[in-house]
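The values are calculated or read from the model by the stated rules, or taken from the named source; none is laboratory data. It should be emphasised that the depicted structure is a prediction, and the values quoted were computed from it without experimental measurement. As a convention, Cβ positions derive from the backbone with ideal geometry for all residues, glycine included, and neighbour counts pool all protein chains shown. Quick note on the areas: whole protein, heavy atoms, side chains included, nothing else; ligands and nucleic acids left out. Shrake-Rupley method; radii C 1.70, N 1.55, O 1.52, S 1.80 Å.
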Amino acid sequence: MAKKIIVLAEAKNNELRNVSFEAIAAAKELADGGEVTAVLAGEAIASLGEQLFQYGADRVIVVEHPELANYTTDAYKQAYLQVFDKENPDIVVLGHTSVGKDLSPRLAVKLDGALFSDVVAIEAGDTPVFTRPIYSGKAFEKRKAVEEGPYIVTIRPNNIAALAKEESASGEVETHSVDIQDLRAIVKDVVKKATGGVDLSEANIIVAGGRGVKSADGFKPLQELADLLGGAVGASRGACDAEYCDYSLQIGQTGKVVTPDLYIAVGLSGAIQHLAGMSNSKVIVAINKDPEAPIFEVADYGIVGDLFEVVPLLTEELKAV
Ligand code: FAD
């Protein structure tokens, strides 16, 4: 049966996040011929709306308000609930990002609907089945939607492929005005760190370093390799604890969960808490001087050797390709 679906798109630094396009693809599967409406909230973001048509949205609604300039749970919840009141969606799909994780349970409660979170695969149908990793990725659970809706689905970035971009697709971006009031917390200031490059949680290629890199400078060859491959640098908690890099790079149970196409683990042992954040990567390459390191148990390819020799050699070889 055709379903009416709303996708909550997300933008960061005035760019739409890739997971928004993946959420549209997931919504298309679930919609069964029904309408997929992408909703983008923020301040002065209307110019981004058009792109959502190119990735398959049937309608695009932009919600602009000064209180939406920076994410706060309260303001975004109020804005989205006003859109839901008008649109009456059967299903709401959004990314399993820090925003998605924060908002989705609250929206589900308000809609009095189920929440299917951290979904990595969908079997569409009248009562769809959602696959999600459990026990830190050691098992997968399938949950079935027993009601037609409304319910909320968050999808893990990098698991459900976005539809191919159709440059010629376009449409009229609708605007929806919202009334936001009685906020319990507001953002006074945002102090940005001087980081750039590829977003770790959405990167297709990650080069992650562990305590084996031995210093902040030891991360430089990893950064060079990541830049060459168009990827991002990540880290184990061992490397963060040793102050070789910032905690924002930490991958694992208490860090970011990533599922890139290629994960190159360099000088990290592969502790269970680290595996929890990366073992679902599509291809894992491990570089470690200890042949007994547990990371080799999950690796598709392993190089036993000194990372300070292997990484520069790999970079040189790849430069020559
Ligand atoms: P180590 O275990 O010290 O491994 C370093 C590796 O580098 C070794 O295998 C060594 O053989 C190799 N090496 C050394 N020199 C070289 C060289 N020259 N060339 C090649 N290889 C070399 N950890 C996380 O990563 N993420 C988490 O989210 C996380 N959450 C945690 C939550 C809890 C509650 C707890 C208790 C722990 C958590 N940890 C987490 C920590 C985790 O248990 C490990 O301590 C940590 O992952 C180890 O980091 P590491 O692999 O970099 O260091």
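List of remarks:
- With the highest mean first, a sort of the peptides 209-216, 144-151, 157-164, 178-185 on other beta-carbon atoms found within 10 angstrom per residue produces 209-216, 157-164, 144-151, 178-185.
- Note, ³J(HN,Hα) from phi for the stretch 52-68, Karplus 6.51, -1.76, 1.60, rounded to Hz, x at Gly and Pro: 5, 5, 5, 9, x, 5, 7, 9, 10, 10, 10, 10, 10, 6, x, 6, 9
- Rounded percent of accessible protein surface that carbon and sulfur make up, the stretch 166-205, 1.4 Å probe: 46 percent
- Sequence-distant residues sharing a close amide H with ILE264 (under 5 Å, placed H): ILE206, VAL207, ALA208, VAL285
- The calculated FRET efficiency for the pair GLU243 and ASP74, based on their C-beta separation and a Förster distance of 56 Å, comes to about 0.95.
- Label point distance in nm, MET1-GLN181, each placed 7 Å from Cα along Cα→Cβ: 3.7 nm
- Degrees separating the helix 18-31 axis from the principal Cα axis of the chain, which is the longest one: 50 degrees
- Nearest 10 degrees, 0 to 90: helix 73-87 Cα axis against the chain principal axis: 50 degrees
- Per residue accessible area in Å² of the chain, where ligands, DNA and RNA are left out and the probe is 1.4 Å: 48 Å²
- Difference of contour (0.36 nm per residue) and Cα-Cα distance, GLN253 to GLU141: 38.5 nm
- Simple spin-label estimate for LEU313 and ALA162 in nanometres, 7 Å along Cα-Cβ: 3.7 nm
- Principal-axis tilt of helix 307-320 within the chain, Cα atoms, nearest 10 degrees: 70 degrees
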